[in-house]
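The values are calculated or read from the model by the stated rules, or taken from the named source; none is laboratory data. On a predicted model such as this, the values are computed, not experimentally measured, just so you know. Note: ideal-geometry Cβ built from the backbone for every residue, glycine included; neighbour counts use all protein chains shown.
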Amino acid sequence: MGERFDAAVVGAGAAGMMTAAVAAQRGLRVVLVDHAERLAEKIRISGGGRCNFTNLGASPAQFLSRNPDFCRSALRAYGPGDFLDLLRTHRVSWHEKHRGQLFCDDSSESVIRVLRRECEAGGVHWRMPCTVRDVGRDADGFRLDTDAGPIRAARLVLATGGMAIPQLGATDFSLRIARQFGLRIVEPRPALVPLTFDADLWRPYAALAGVSLEVRLSHQAPAAEGGGQRARRPACAEFLEDLLFTHRGLSGPGILQISSHWRPGDPIRIDLAPGRDMGSALVAAKSGSRQTVAAALAQSWPRRLAEAWLGTAGETGGGDLAGLGGLRLADAPDRRLRALAERIHGWTLWPTGTAGYKKAEVMSGGVDTAELDQRSMESRRCPGLHVVGEAVDVTGWLGGYNFQWAWSSGVACGRALVAG
Ligand code: FDA
């Protein structure tokens with residue numbers, strides 16, 4: 001038969017613990033099942049160990065989904081201010097780092113502790129580490145066949161997150177079970193992930209590994225993109241953020257942001273000197289200058305970048321830029337300096353791939369929001385089945401938005417379990 005619960009939540013991460021705590025504190029008998037040895041590893045490693053747990057500016061505008069409005073009601077019902085109230089209750093302090101991103105003063109452990117205590121306050125039952133081998137459903141509700149024995153539950157919540165960082169135990173469990181019950185899935189992909197390039201093309205830049213600078217990145221979805229799965233990204237995305245050169249390609253916050261919009265075959269465009277008019281600046285600096293073009297560029301850029309990028313641009317950029325870096329600025333024709341500036345402001349690159357789930361911060365795609373009620377996260381097709389957190393086709397930008405979605409969807413689901 002198996003032990004009976006009102007709700008079984010599979011996945012004791014950010015969204016799962018929140019769901020379980022909210023439902024259990026309102027009187028439900030809840031079991032939380034997770035296969036990991038250690039609780040909430042992704043919270044632990046997040047934000048460099050300090051967990052960027054929300055963003056003060058969180059709104060539907062920072063989420064990608066086939067239905068960008070889906071997250072609206074959950075965010076409105078439980079926003080960043082509500083999570084801050086919860087942290088205050090537990091005397092956890094935080095600070096703002098960059099553009100509304102909030103981090104723990106202490107460590108991510110404090111967020112895990114808060115969620116664990118909230119679960120304990122509701123008397124949540126734990127099955128951990130515990131593997132769910134099979135899930136079935138009959139007139140009596142859901143039946144979970146686990147290696148800690150059978151579990152029966154009137155409602156089942158899929159909260160196992162996405163497939164990013166499989167080395168930490170990430171799996172496609174929620175997607176598999178959702179599919180088993182007939183729910184549609186928006187094709188999952190690694191997101192917030194470094195982009196990689198053809199090894200030959202990248203060779204001249206590989207020596208720049210470690211160089212970082214602020215740039216403006218943009219991505220334009222192909223004009224032909226109409227309906228279907230690809231319509232889940234906006235036509236144009238732009239970010240002013242840091243870029244980091246790596247041995248295999250590009251990383252850093254700017255690239256992670258743009259990667260969620262990028263699809264194989266698309267170009268990305270990088271303005272390497274945002275907010276400046278490099279053409280006019282180089283031409284104006286000519287008079288009486290004894291320095292080379294490369295040295296002049298190195299005044300605004302890391303020197304390594306100026307030299308390597310100019311050399312490569314010369315080689316690959318056709319006759320107009322070839323040899324320009326070594327020329328004295330005073331001798332360089334205005335026309336060639338302006339052509340160089342044009343390339344600096346609009347460096348167009350064709351990535352060949354991403355660094356994959358092993359390096360991704362999140363998975364984008366997931367259970368199609370059209371399958372779920374946005375207030376309860378419950379399946380329309382399979383009543384009693386709920387999906388929360390990253391397993392849903394709602395992907396936040398970098399900067400605390402993904403945790404906010406985990407909290408908001410978890411609270412929406414937890415409250416609905418009680419009402420339902
Ligand atoms: P989450 O991944 O938190 O939890 C899923 C749980 O399910 C895990 O405990 C796992 O063990 C369990 N599980 C998986 N498969 C299972 C199975 N088959 N059976 C049983 N249990 C299973 N976001 C943000 O907003 N700010 C940040 O600073 C960061 N930083 C960051 C750094 C790194 C390195 C990564 C990889 C990710 C981030 N993120 C982030 C993203 C954030 O961690 C992520 O979006 C949320 O943790 C998602 O919450 P969920 O509860 O949906 O999944």
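Conditions tested, residue by residue: (1) of a type in the set (Asp, Glu); (2) modelled with pLDDT of 95 or more; (3) in contact with a Gly (Cβ under 6 Å, 6 or more places away or on another chain).
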residue	(1), (2), (3)
Leu321	no, no, yes
Ala332	no, no, no
Arg335	no, no, no
Thr352	no, yes, no
Ala355	no, yes, no
Met363	no, yes, yes
Thr369	no, yes, no
Ser379	no, yes, no
Of residues in region 369-387 being within 20 Å of Gly13 (Cβ to Cβ) and aliphatic (A, V, I, L, M), the one nearest to the chain's Cα centre (by Cα): Val387
Enumerated strands (runs of 3 or more DSSP E) restricted to region 65-181, each holding at least 2 residues that are within 13 Å of the ligand (Cβ to nearest atom): 101-104, 125-127, 132-138, 141-146, 149-158
Long-range neighbours under 7 Å by Cβ, at least six apart or interchain, first residue free of Cβ contacts under 8 Å to residues at least 12 places away in the same chain within region 38-54, second more than 7 Å from the ligand (Cβ to nearest atom): none
Condition check for Ala15: in a loop (DSSP other than H, G, I, E, B) and either of a type in the set (Lys, Arg) or buried (at least 24 other Cβ atoms within 10 Å of the Cβ) (or both): no
Residue, farthest from the ligand (Cβ to nearest atom), within region 33-58, restricted to residues that are assigned to a loop (DSSP other than H, G, I, E, B) and among the hydrophobic types (A, V, I, L, M, F, W, C): Leu56
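How many residues, within region 339-351, are in contact with a helix residue (DSSP H, G or I) (Cβ under 8 Å, 6 or more places away or on another chain) and either loosely packed, with under 15 Cβ neighbours inside 10 Å or closer than 20 Å to Gly396 by Cβ (or both)?
Within region 339-351, residues that are in contact with a helix residue (DSSP H, G or I) (Cβ under 8 Å, 6 or more places away or on another chain) and either loosely packed, with under 15 Cβ neighbours inside 10 Å or closer than 20 Å to Gly396 by Cβ (or both) number 1.
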Pairs, first at positive phi in region 149-167, second more than 10 Å from the ligand (Cβ to nearest atom) and in a strand (DSSP E or B), C-beta under 8 Å, six or more apart: Gly149/Glu3
Sole residue being closer than 30 Å to Thr131 by Cβ and of a type in the set (Lys, Arg), chosen from Arg179, Arg216, Arg269: Arg179
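Residues are listed down the side, and each one gets a yes or a no for (1) buried (at least 24 other Cβ atoms within 10 Å of the Cβ); (2) within 16 Å of the ligand (Cβ to nearest atom); (3) not hydrophobic (A, V, I, L, M, F, W, C):
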{"site": "Glu371", "(1), (2), (3)": "no, no, yes"}
{"site": "Met377", "(1), (2), (3)": "yes, yes, no"}
{"site": "Cys382", "(1), (2), (3)": "no, no, no"}
{"site": "Thr395", "(1), (2), (3)": "yes, yes, yes"}
{"site": "Trp405", "(1), (2), (3)": "yes, yes, no"}
{"site": "Arg415", "(1), (2), (3)": "no, no, yes"}
{"site": "Gly420", "(1), (2), (3)": "no, no, yes"}
Matching option when the condition is closer than 17 Å to Glu378 by Cα, among the hydrophobic types (A, V, I, L, M, F, W, C) and away from the ligand (no atom under 14 Å from the Cβ), among Val9, Val30: Val30
Condition broken by Leu168, with the remaining ones in (1) in contact with a helix residue (DSSP H, G or I) (Cβ under 9 Å, 6 or more places away or on another chain); (2) over 30 Å from Ala12 (Cβ atoms) satisfied: (2)
Residue list for region 194-210, filter: buried (at least 16 other Cβ atoms within 10 Å of the Cβ), in contact with a helix residue (DSSP H, G or I) (Cβ under 7 Å, 6 or more places away or on another chain) and either part of a helix (DSSP H, G or I) or at pLDDT 95 or above (or both): Pro194, Leu195, Tyr205
Gly288 vs. criteria surrounded by fewer than 20 Cβ atoms within 10 Å (Cβ to Cβ), among the small types (Gly, Ala, Ser) and over 29 Å from the mean Cα position of the chain (by Cα): yes
Region 127-150, residues that are buried (at least 17 other Cβ atoms within 10 Å of the Cβ) and under 33 Å from the mean Cα position of the chain (by Cα): Arg127, Cys130, Val132, Val135, Phe142, Arg143, Leu144, Thr146
